[in-house]
Amino acid sequence: MKTLKIVLSILFGSMIHSCQSIVQDVDLPEIEIKSVVQMRYDKALNKYDGSITKSNPIFGKPRNEFEVIEDALVTVEGGGLIDTVSYDPNSEYYTGESGITYSVGEQYNLNVTLANGEILTSSALYPNAPLNISMTIDSTTDGFETKYNIKISWDDIPGIQEYYQVEYYSIYDFDGVKDTFGSYGQVEVGDNEKSRLTNRFETYRYSEPGSNWSYQTFVVVSGITKDQYEYSKFLYNYEPENPFAEPVTVPSNVTGGLGMFVLKNSVITQLK
Amino acid sequence: MRFKLIIGLLVMFLSIKCFSQNVTLSGFINEAGSKEALIAVTVYSNDGVYGTTSNDYGFYSLTVPKGTYNFVYIIVGYEQKVISVTLDSNRTQNVLLTALGTQLGATEIDLQKREKESEKVQMSSVDIPIKQIKEIPALFGEKDVLKVIQLLPGVQSGSEGQSGLYVRGGGPDQNLIILDGATVYNAQHLFGFFSLFNGDALRSVELIKGGFPARYGGRLSSVIDMNMKDGNKEKTTGELGIGLISSKGLLEGPINKGKGSFIISGRRTYIDVLTQPIILAASNGNSSGGYFFYDLNAKANYTLTDKDKIYLSGYFGRDKFYLNEKYTFEDQKSEFNTSFGWGNATGTLRWNHIINPKLFLNTSLIYSTYDLGINAKEKEQDTTLFELRYGSGIRDYTAKQDFDWYANNKHKVKFGYAFTHHKFTPSAVVLKDDYDSSLVDQETIFNAVETGIYIEDEVKFTSKFKGLLGFRLSSFHVKGENYIKPEPRIALAYKVSTNTSVKLSFATMNQYIHLLSNSGVGLPTDLWVPATKNVKPQSSQQIAAGVARDFDKPKLTLTIEGYYKEMNNIIAYKEGASFLQIEAAVDGEEAPENSWENNVTNGNGVSYGMEFLLQKKEGKFTGWAGYTLSWTKHTFDSINLGKTFYARYDRRHDISVVMQYQLKKNVTLSANWVYGTGNAITLPISTYRLDDHNTFRNQYGYWANGQEYTARNDFRMRAYHRADIGVQIKKEKKYGTRTIEFSAYNLYSRQNPFYYFIGPEDQFEPNSNQVLKQVSLFPFLPSISWSYKFR
């Protein structure tokens, strides 16, 4: 009986011995820490907005934050002019207004030089703005909540492959407390023919008697670059936690590192 | 009408050919005792000039000049029979062959072909002896046909314990798995850890990896053709088996005094029965759940006349997970029931008719279906609050006729046609939600028609030079789109010496259905979808060359083959897409943005390599050793920046050694060892910041972590290797033979990788280093099984 117990213990121990283990006998790939540039210019705001950070290797000490590069020289060149975009320590963004007059179809070049001499570059063509934007709004009220169904239409430009993004966001103020909610920027692709493109979204406003609610709702329809279209589509479908999804190469148009340089030609409308 | 006329004329022509100076000897060859049909028995005149082999139904036909002959009927495992006949007119000669030895140790008789490899024109094919399938040690002792096929060169398994097949660089969807003529779409139980086929009810299993005969079509990479036993025509008998996770039974016997026979075989797992009391006890009786699968094979045949036989056979199998929970809160009773099930069903009605001694016709009506269902229901008191039903599947109806025309001593011709109606249901969703009164009821259906017409001629150019020349014309019609594709096939064999031949083959294949899979492990959620206007059919061209040599002492067979295969229009999910995002499409309408058509991308693949197989099929010591050296690469415009990458199942080296040794009359030892290069996977290497670039960052800022990966499949997992052993001990009992088997899977408990992930080195330490970890599934697993075969 004792022998049987020993045999069974060995068998059982062997069967359950860790099914999870550290892989040690294969060579891990060499990992290069890369600089990441995310930079955007939007004509409607006449403003640059972006960040420069470092990637974190996946192995080794866990890091929740990305190292922010504060002392990079960031310039955008086009139309014979150069903008320098400087770092704002409060927001930890590179930001600033542009002195360049952006023209549709012209190429604009981003140049980032780090203190260690590393150079990252990118370029983009300035896109068309959406034409003849119109909106229809239907609303239904249920108790204290009013739902708005908003349909946005605009003209596509014939003969040119155009890409668009539609965003909306609302700022509410409840007794002095402000907050924001809105949509993930949905992207659309033109059909290369003259036709009306449409996009729909739903929002709501809450109004309870006796309480003080106020809302500002904005709709932004932008002409965007193809790179941004691909990137935004990627973000829309990005499910890093989905075990069934194949690994994805994140779109990047930055040479010498990672990231995305986007130019947007937006039309911003505030809903009443 | 025109078609009937052509067939009529053809039959008339073939019949007229019989009225020549030659006479034809024909008939059926069966096993003495059970009367099971014997496939591929070699029949030849003793001068060696005339010869043929029996077909899948045991029918043979041999046309010779008038005269007196001694005909030899020979097949391995049976006593050779010589019959002297004087032929001055056509003659029917049915033959019974007696199995070699009926005593212990020889009760399992192979009913399969045993033609010498060097005699065969067909290359890249292997017949798997059912006896060996039953002796090879298996996971939990569950005998598994597909896992034995994985042990052959040119065939790789996907991951640890999986029964998916990757043949010469093709995916699991590129295998045509046929059971009694019916296509089986998902041949896996328990997410691929077991296959549908345990071998008990099977008569023959043949794997073809290249040089495909024209009678097969519809898949790129392999054909696995399985036939069920007919059943014992002489007496009623049976078999019972009890294993660690399942039990099985088989019953066979005669119908109407041997005019027909039947066989029924079933298997069911009982993990759920064993775990149920534990779940109930742990939940105070509020929860029940479990998993089980079952299979049922049944077949009956009946001889109507000397020229007519009918067969009815079917398979039905299902997997099911279920979980039922009950809650009571303040006298409110709530229930939540969920289940997840999938299964196959096939049915085949066949009619054999001997039109004349040279012309054999088989007419088949076939039904095949695979479906997946997910159900969830929440009830409060007796009111349904929420109900979800999700389903996907494919259903086929097929009609086909296959003719075997034994034209003369130089030509053995097969021709026929098949017509299949496919109904694809990639998704069907019914969602009722009483919380917000919503109801979703969507079903995506595609109807398609696939046809194939073929002719193949096994031609003997000279006594040393043979060929199998074939042509298939396939077509596919779906949503107003028509594809018609010619498929030339050619195989040549030249005998350079008595026991050695060199072989060459070329085959073009087309595949009109795709399996959408992004798990790489063959989940039942993978979707079968048709080729459409946007997603073109897959096609392949494969060329193979090799040498086959049969050795007399010891009796060994060596085959060495090289192959090169190109695959076009293979599909994959676009980067980042998954079945979870698939949006329903309506038949006849444009596909929506997130339909499966818009989430897949077409590409090309190439696979090439060398395969070595040394087999010993006879004697006390049997088995084989196989080695494959291969490369498989894919290129997709929109994956990996358009650069070519290795397929996940690319495997540079693959070795398998399978051995059985009959130690005593009643004791058989078995062992196998496998080795394979690790799977190619894509590994994350760094994380970095992603901004969404929305216009109002200040008001609605957002950024997420992106992952940077190695190039697609640029990282190799650890190599896979494993050894299994087993011993079968038989004992004669009063009513039959009892067999007890002890086996051990993964003898030296190798931790083979199932999947990799990044995790903390010490999971209880928050700042522990992130390291690469692997999950392994099956360490050393002993098992025991018992079976009893009634006499």
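Tabulated results
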item: Estimated distance in nm for a label pair at B:LYS326 and B:LYS257, the labels positioned 7 Å out from Cα along Cα-to-Cβ; result: 5.8
item: Within 10 Å of each Cβ in A:31-44, the average number of Cβ atoms from other chains; result: 3
item: Relative packing of peptides B:202-215, A:77-90 - highest average C-beta neighbours within 10 Å first; result: B:202-215, A:77-90
item: Label point distance in nm, A:ILE160-B:ILE83, each placed 7 Å from Cα along Cα→Cβ; result: 8.5
item: Magnitude of the charge dipole, chain A, Cβ model with Lys/Arg +1 and Asp/Glu -1, debye to 20; result: 600
item: Debye-sum result for region A:131-224 in log10 I(q)/I(0), which assumes one identical scatterer on each alpha carbon, at q = 0.10, 0.12, 0.20, 0.26 Å⁻¹; result: -0.34, -0.46, -0.95, -1.32
item: Length gained when the stretch B:PHE757-B:HIS721 is fully extended (0.36 nm per residue, less Cα-Cα span); result: 10.9 nm
item: About the Cα centre, charge dipole magnitude for the protein assembly as shown (Lys/Arg +1, Asp/Glu -1 at Cβ), debye; result: 7360
item: A versus B: buried accessible surface, summed, Å² (probe 1.4 Å, to nearest 100); result: 6300
item: Region B:619-675-region B:381-405 distance, computed between alpha-carbon centres (Å); result: 34
item: Förster radius 30 Å - calculated FRET efficiency between A:ASP138 and A:PHE181, Cβ distance, rounded to 0.05; result: 0.90
item: For region A:131-224, size of Cβ-based charge dipole, Lys and Arg +1, Asp and Glu -1, in debye; result: 120
item: Surface/4 estimate of mean projected area, convex hull on alpha-carbon atoms of the protein assembly as shown, nm²; result: 52.3
item: Restraint check, A:LYS264/B:LYS479; B:LYS81/B:LYS131; B:LYS257/B:LYS617; B:LYS616/B:LYS731; B:LYS377/B:LYS533, Cα-Cα greater than 32 Å; result: A:LYS264/B:LYS479; B:LYS257/B:LYS617; B:LYS377/B:LYS533
item: Percent breakdown of C-alpha pair distances by 10 Å bin, ordered from the shortest bin, for region A:35-125; result: 16, 47, 27, 9, 2
item: Neighbour-limited loop hits for trypsin sites (Lys or Arg not before Pro), region B:63-96 (at most 16 other Cβ within 10 Å; DSSP other than H, G, I, E, B); result: B:LYS66
item: Net length gained if the chain between B:THR384 and B:HIS653 were fully extended (0.36 nm per residue, minus Cα distance); result: 91.3 nm
item: Spread of Cα-to-Cα distances over 5 Å intervals beginning at zero, given as percent, for chain A; result: 1, 5, 9, 12, 13, 13, 12, 10, 7, 5, 4, 3, 2, 2, 2, 1, 1, 0, 0
item: Shielding of B:764-777 by partner chains, average beta-carbon count, 10 Å; result: 4
item: Computed FRET value (nearest 0.05) for B:SER283 with B:SER497, which takes r as the C-beta separation and R₀ as 51 Å; result: 0.10
item: Convex hull per residue volume in Å³, alpha carbons only, for region B:349-454; result: 109
item: Dipole of the protein assembly as shown, positive end: most advanced residue of B:SER474, B:PHE28, B:SER607 [Cβ charges, Cα centre]; result: B:PHE28
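The values are calculated or read from the model by the stated rules, or taken from the named source; none is laboratory data. Worth saying up front: this structure is predicted, and the values here are computed from it rather than measured. Counting neighbours? That spans all protein chains shown, and the Cβs are built from the backbone with ideal geometry, glycine included. Accessible surface is based on the protein model in full, side chains and every heavy atom, while ligands, DNA and RNA are left aside. Shrake-Rupley method; radii C 1.70, N 1.55, O 1.52, S 1.80 Å.
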